[in-house]
1. Filtering the stretch 20-70 down to residues that are polar (S, T, N, Q), within 16 Å of the chain's Cα centre (by Cα) and closer than 18 Å to Ala208 by Cβ, which residue is surrounded by the fewest Cβ atoms within 10 Å (Cβ to Cβ)?
2. Just to be sure before I move on: is Val248 under 17 Å from Glu146 (Cα atoms), of a type in the set (Val, Ile, Thr) and surrounded by 14 or more Cβ atoms within 10 Å (Cβ to Cβ) in the structure I sent?
3. For the stretch 160-182, name all the residues that are crowded, with 22+ Cβ neighbours inside 10 Å and outside any helix (DSSP H, G or I).
4. Within the stretch 71-92, can one find any residue that is on the phi > 0 side of the Ramachandran plot and buried (at least 20 other Cβ atoms within 10 Å of the Cβ)?
5. Only one of (1) touching a His at 6+ places or on another chain (Cβ under 9 Å); (2) free of Cβ contacts under 8 Å to residues at least 12 places away in the same chain is not met by Leu75, so which one is it?
6. For the stretch 214-223, indicate whether the set of residues that are crowded, with 18+ Cβ neighbours inside 10 Å, of a type outside the set (Asp, Glu), within 24 Å of Val55 (Cα to Cα) and within 29 Å of the chain's Cα centre (by Cα) is non-empty.
7. Restricting to the stretch 1-13, and then to whatever is in contact (Cβ under 8 Å) with a residue 40 or more places away in the chain and assigned to a helix (DSSP H, G or I), can you tell me which residue is nearest to Gly212 (Cα to Cα)?
8. Pairs under 6 Å by beta carbon, first residue touching a residue at least 40 places away in the same chain (Cβ under 8 Å) in the stretch 45-71, partner of a type in the set (Gly, Ala, Ser), six or more apart or different chains?
Amino acid sequence: MPLTLHIDAARWREHLSRFVEPDGAAVVPVAKGNGYGFGNSTLAAEATKLGADTVAVGTYEELPEISQAFRGDLLVLTPWRPWLGGAGDDERVIHTISRVADLQTLVQHGGRPRVVLEVLTSMRRHGIDPGQLETVIELLAGVRFEGFALHLPLAGDHTDEARRLATTAFSTVEGVPRRLWVSHLTSAAAGELAAKTGAEVRLRVGSALWLGDRGALAARGTVIDVHQVRRGERYGYRQRRARRNGSVIVVAGGTAHGIAMEAPSPVVTARQRAASIAKGGLEATGRALSPFHVGGKQRWFAEPPHMQCSMIWLPGDVTPPAPGDELDVDVRFTTTAFDRISWG
């Protein structure tokens, strides 16, 4: 009895095709982590159908799976580090370099590997400070330079920042291909950046591409069991007593799937803070709202989710589903492992 990702295949692929249409910048699909819920091999195959010549992968550990399903170039987003050894013999792999010392070490390994140089942005995660770019000029003779990379923040419009950094990079390191690999710009902004810098802009896109049309995707858990519970009766691992008559619904989807596993939320506004406080107060009393829906309403967990399934509490005045029925479930696709994908 699975947790299933249902895909309206025609609608989803129509969105993908529209998204990669030229708008002044080429789209580079990103396949990493859990493959945005689809699995990386699925995304690699879809990137092939879209005609992509390059796929961006998260880590070197992800290369074997993706390279089997995609025969084009593979840009590794995680920066290369000396403990990884040589750059390998795969001509399709493009390495990201974010430190001058790493570029020096890589050049010493020989073989003239393909590299992009990541320039530090206001994201402040990886990157060479623009003021240090002069120190890489002579080192570039030992590699095949594929352009500069910019990893921009999600919040706000950073088109001007990208233009400023690109202008600095190309004016400092002259005579190299005018190619920019950028993240977290809209297609229109990437096209504008290309026009203003005269560079070939390659827009790396993950969530907006694969998850951009949520209406084409539906996550559902299969009901495994339904049990009537009377007030005062005990249930679950922790043997809580029912406060009133109702039903306990056992549904596929638990912590092993990523259900109810949350990352810290980016609380910024007063409303978000209030919601977090209210949610924390409920959980402190043993009550937690589940992501499962019955009768068009989000329902409470009967107790914390288990590894493979969850127990949902349903009031006695609500008609329970039957074993084999499916319940809609709200998921975070980047942290969910589905048992099955159904192409509709």
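1. Filtering the stretch 20-70 for residues polar (S, T, N, Q) gives 34, 40-42, 48, 54, 59, 67-68.
Remaining after also requiring within 16 Å of the chain's Cα centre (by Cα): 34, 40-42, 59.
Right, trim to closer than 18 Å to Ala208 by Cβ and you get 34, 40, 42.
On the way: Asn34: 15, Asn40: 22, Thr42: 17.
Of everything passing the filter in the stretch 20-70, Asn34 is surrounded by the fewest Cβ atoms within 10 Å (Cβ to Cβ).
2. Details: under 17 Å from Glu146 (Cα atoms): no; of a type in the set (Val, Ile, Thr): yes; surrounded by 14 or more Cβ atoms within 10 Å (Cβ to Cβ): yes.
Considered against the rule, which asks whether it is under 17 Å from Glu146 (Cα atoms), of a type in the set (Val, Ile, Thr) and surrounded by 14 or more Cβ atoms within 10 Å (Cβ to Cβ), Val248 comes out as no.
3. Going residue by residue through the stretch 160-182, those that are crowded, with 22+ Cβ neighbours inside 10 Å are 162, 165-166, 169, 180-182.
Within the stretch 160-182, Leu180, Trp181, Val182 qualify.
4. Our first condition is that a residue be on the phi > 0 side of the Ramachandran plot; within the stretch 71-92, this holds for 85, 88.
Checking the rest, the ones that are also buried (at least 20 other Cβ atoms within 10 Å of the Cβ) come to none.
There is no residue in the stretch 71-92 that is on the phi > 0 side of the Ramachandran plot and buried (at least 20 other Cβ atoms within 10 Å of the Cβ).
5. If we test Leu75 against (1) touching a His at 6+ places or on another chain (Cβ under 9 Å); (2) free of Cβ contacts under 8 Å to residues at least 12 places away in the same chain, just (2) comes out false.
6. Initial filter on the stretch 214-223 (crowded, with 18+ Cβ neighbours inside 10 Å): 216-217, 219-223.
Filter once more, so that each one left must be of a type outside the set (Asp, Glu): 216-217, 219-223.
In the following step, the residues that additionally are within 24 Å of Val55 (Cα to Cα) were identified as 216-217.
From the residues that got through so far, the ones that are within 29 Å of the chain's Cα centre (by Cα) too are 216-217.
There is at least one residue in the stretch 214-223 that is crowded, with 18+ Cβ neighbours inside 10 Å, of a type outside the set (Asp, Glu), within 24 Å of Val55 (Cα to Cα) and within 29 Å of the chain's Cα centre (by Cα).
7. We begin by selecting, within the stretch 1-13, every residue in contact (Cβ under 8 Å) with a residue 40 or more places away in the chain; these are 1-9, 11-12.
Next cut, assigned to a helix (DSSP H, G or I) only: 9, 11-12.
Values: Ala9: 14, Arg11: 11, Trp12: 9 Å.
Once the filter is applied, the top-ranked residue is Trp12.
8. Within 6 Å, the pairs are Thr54/Gly72.
The values are calculated or read from the model by the stated rules, or taken from the named source; none is laboratory data. All values derive from a computational prediction rather than experimental measurement. No Cβ is skipped: glycine too gets one built from the backbone with ideal geometry, and neighbour counts run over all protein chains shown.
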